[in-house]
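Here's the structure, in structure tokens; my notes come after.
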Amino acid sequence: MRAALHLFYRLFTLLLTVVLSVSALGPVDSMYYKKALEKYENAHTEYSMVRVANFDPDPERKWREGAMKERWLVRARAEGAMYVGRSPITGATYFSTIVRQNNPEDQLARDMKLQRSVGAVGGMFEWEAAIFWKRAGGTTTPLRIDYIRAQNARYSLRDLADIIGTTSSQVRPI
């Protein structure tokens, strides 16, 4: 009985996390997130985009806080970001950054589990993390992380400072 109750609480917590993360985007954020998904899809010119539907390497949402956010921004400063749009309603700028495995020793890619085996299929697959961001009121916040099968997508990346209208050294996560 105790084990069943413990399992119930764990499943309930997981369900609550999923519901809260899905409902966390307001209507304007959701509109720009859909636009970002279209841009991800359009970047896949050779093969169709394959998103991971059931993998959450960060169930406690710790990545969206602290050092991991800074590591994502460091990568974006070096490799660029994809402009999604600017809301005339809120004034927020939306953009995405892509984290790919640059080499076998890429620690950020390892920490994000971008290379992993796929159960019954076997073998190792490489993934990319597409991180959807919002910049509003001087604050840069990651809103969503999508895992996409690495298939030589051609994302239209630009300098991060050009997208958010500030020098990239001024970008600080909350």
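Laboratory data are not the source of any read-out in this text; all were calculated from the coordinates shown. The structure presented is a predicted model; accordingly, all values stated were derived computationally and were not measured. All Cβ positions, even for glycine, are placed from backbone atoms using ideal geometry, and neighbour counts span all protein chains on display.
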Ordered by fewest other Cβ atoms within 10 Å, a rough proxy for footprinting exposure, GLU46, GLU70 read GLU46, GLU70
Note, the range 138-148: 3J(HN,Hα) by Karplus (6.51, -1.76, 1.60, θ = phi - 60°), whole Hz, Gly/Pro = x, goes x, 10, 10, 10, x, 9, 8, 10, 10, 9, 10
Which residues qualify? For THR140, with a placed amide H closer than 5 Å and at least 5 residues away or on another chain, they are ARG172, ILE174
